[in-house]
Amino acid sequence: SVTRRESNMSEQFIEIDKLRVELLKNVDRKIHTQHNHDEVSSQEVLIRIEKVILKIVTSLSKHEAPVLVLPNRSSWSNVSFDKSVGLQMTLGCSVTMVRSDCSSTVTKFGQILKILSSIYKLVQSNAYATKRDIYYNNTQLFGSQRTVDSIVDDISCMLKVPRRRLHVLATSKGFISGDLCYLEEDGTRVNCHSSSSATPVSSNVVGITNIVSSAKFVLIVEKDATFQRLLDDDICSKLSPCIMITGKGVPDVNSRLMVRKLWDTLHVPVFALVDADPHGVEIMSIYKYGSVAMSFEAHNLTVPSVMWLGLLPSDLQRLRVPEESLIPLTQRDKSKLTSLLKRPYLACQPIWYKEIEIMQQSEMKAEIQSLASIAPDFLSRVYLPNKLRYGGWI
């Protein structure tokens with residue numbers, strides 16, 4: 001029985017091995033030619049901050065009100081699409097003026113200068129701080145943690161420097177498990193093999209080195225609840241060597257960086273397991289093509305080879321998921337679907353487009369948990385093994 005099981009496991013990965021061969025053929029893809037802003041040195045970061053301050057001082061010397069110019073990170077008009085990279089900010093993008101003599105922007109002007117000052121000290125002393133540390137340095141000025149989060153990204157975009165090069169870290173919300181070991185920057189050895197508990201995604205992914213893994217693929221799981229259920233079912237062992245990661249919904253930058261690092265290092269297929277709803281499709285698209293808000297850092301965050309493993313809208317019909325397990329689309333869902341179908345990346349994904357149209361026409365959505373209505377362990381025992389064995393991804 002052991003021999004038969006090993007034979008089945010070998011057959012299970014025939015399609016994945018074929019896929020990996022294709023990936024390795026293209027392993028020189030853009031990695032060495034892309035515009036990698038990670039190469040910016042600490043000295044260069046300090047110089048760029050000094051240039052900003054110099055402009056402010058120059059304006060004051062001329063008795064002019066200083067103005068900070070920020071690229072607009074919320075407009076689709078500032079984004080172009082390249083299927084090998086994803087959504088990226090255009091060079092001649094529109095900007096937002098943060099004036100020191102305007103009542104509606106003067107507070108933000110002060111907030112930006114305060115955070116720039118903190119960043120300068122951190123880089124200069126080669127120290128690190130979390131965004132939460134920066135917020136608690138002056139809670140009255142910032143008002144909320146969200147304000148700090150947004151301004152740090154604005155500064156990163158303005159200086160054309162990845163956030164981690166600003167020595168500002170964010171607490172990760174994602175988790176990872178499976179056939180993976182690595183070294184943190186401080187020398188800590190991390191082992192993600194545990195089948196009973198997951199490892200938090202590092203808050204300093206760039207500092208990770210010495211990655212060791214025999215994983216055949218990486219599985220992105222949209223929801224923490226599904227991730228935990230698969231962990232309880234010991235899916236990483238049942239599906240032979242693999243790595244499973246979740247960003248617990250809309251992924252944070254660290255979770256996206258981790259998926260990208262694994263893809264760059266291991267050259268294995270990356271699959272996404274998301275709900276068959278507009279929200280799930282958008283989350284998967286963020287991993288694959290990026291987001292408008294972080295389009296200035298697309299080269300470091302996107303994984304263009306991500307494949308949609310499930311839950312596909314067509315699966316709901318094919319598997320005859322009970323109607324009582326399906327959920328009618330809300331008006332908000334319908335608006336999101338219409339928006340998704342207009343996204344530039346859907347033009348190069350006709351099969352994705354067709355799946356979204358199926359959802360739109362049926363006016364129904366479903367969570368991954370709906371598969372439990374077929375059988376409690378259907379997801380881990382039948383659905384995922386068969387998808388991986390027979391190449392059921394798009």
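Determine, from the Cβ-Cβ distance of Arg48 and Thr139 and an R0 of 25 Å, the FRET efficiency 1/(1 + (r/R0)^6), rounded to the nearest 0.05.
On the way: r = 28 Å, r/R0 = 1.10.
For Arg48 and Thr139, the calculated efficiency is 0.35.
Toward the positive end of the charge dipole of the chain, with +1 on the Cβ of Lys and Arg and -1 on the Cβ of Asp and Glu, the farthest Cα among Asn254, Met359, Ser103 is that of Ser103.
On full extension, the segment bounded by Leu183 and Thr130 gains 17.0 nm, given 0.36 nm per residue less the C-alpha separation.
Anisotropy class assigned to region 40-169 is rounded, per the alpha carbon gyration tensor with a/c under the 1.5 cut-off. Between Gln124, Gln360, Gln140, the Gaussian network model of the chain with springs among Cα atoms under 10 angstrom shows the greatest mean-square fluctuation at Gln140.
So how far apart, in nm, are the two label points at Val67 and His279 if each is 7 Å from Cα heading toward Cβ? That separation, rounded to one decimal, is 4.1 nm. Exposed loop sites here mean GluC sites (Glu not before Pro) with a DSSP loop assignment and at most 16 other beta-carbon atoms within 10 Å; the chain contains its longest site-free run at 186-362. Mind pulling the angle between the C-alpha long axis of helix 42-61 and the longest principal axis of the chain? Nearest 10 degrees, somewhere in 0 to 90. In the chain, helix 42-61 runs at an angle near 40 degrees to the longest axis.
Among Ile220, Ile327, Ile155, the residue with the largest mean-square fluctuation in a Gaussian network model of the chain, with springs joining Cα atoms closer than 10 Å, is Ile327. Simple rule: put +1 on each Lys or Arg Cβ and -1 on each Asp or Glu Cβ in the chain, find the dipole, and look at Thr171, Ile368, Ser150; the Cα lying farthest toward the positive end is Ser150.
Among beta bridges from DSSP that stay inside the chain, the antiparallel ones total about 65%.
Compute, for region 40-169, the length of the dipole vector about the Cα centre, with Cβ point charges of +1 (Lys, Arg) and -1 (Asp, Glu) only. Units Debye, rounded to 20.
Numbers: 17 positive and 9 negative charges, 30 e Å.
Dipole of region 40-169, to the nearest 20 debye: 140 debye.
Distance between the C-alpha centres of region 88-106 and region 285-304: 22 Å, rounded to the whole angstrom. Between the C-alpha center of region 328-351 and that of region 242-282 there is a gap of 20 Å.
With a Förster radius of 22 Å applied to the beta-carbon distance between Asn204 and Ser150, the computed FRET efficiency rounds to 0.55. Overall shape: oblate for region 266-383, with the ratio a/c of the largest to smallest alpha carbon gyration tensor axis at 1.5 or above and b/c at least equal to a/b. With Cα atoms as the point set, region 129-235 shows a radius of gyration and Dmax of 16.8, 50 Å.
Around the Cα centre of region 147-247, unit charges on the Cβ atoms of Lys, Arg, Asp and Glu (plus for the first two, minus for the last two) sum to a dipole of about 220 debye. In terms of its C-alpha gyration tensor, region 176-329 comes out oblate, because a/c is 1.5 or above while a/b does not outweigh b/c. For region 296-394, trypsin sites (Lys or Arg not before Pro) meeting the loop criterion (DSSP other than H, G, I, E, B) and having at most 15 other Cβ atoms within 10 Å: Arg320, Lys342.
The angle separating the long axis of helix 14-25 from the principal Cα axis of greatest extent in the chain is about 30 degrees.
Counting pairs of alpha carbon atoms under 8 Å apart in space and at least six apart in sequence, what relative contact order in percent does region 277-394 give? Once normalised by length, the contact order is 33 percent.
What value, in deg cm²/dmol to 500, does the helix sum -39500 (n - 2.57) over DSSP H runs of n ≥ 4 give at 222 nm once divided by the residues of the chain? Calculated at 222 nm, the ellipticity per residue is -13000 deg cm²/dmol. Computing volume of the Cα convex hull per residue in Å³ for the structure here picks out one of [x] 113; [y] 159; [z] 122, namely [y]. Taking the chain as a Gaussian network of alpha-carbon nodes connected by springs under 10 Å, the highest mean-square fluctuation of the residues Cys192, Cys157, Cys348 belongs to Cys348.
Each value in this text was obtained by applying a stated rule to the coordinates, not by laboratory testing. Just so it is clear, the structure is predicted and the values come from calculations on it, not from any experiment. Ideal geometry is used to build each Cβ from the backbone, glycine not excepted, and the neighbour counts take in all protein chains shown.
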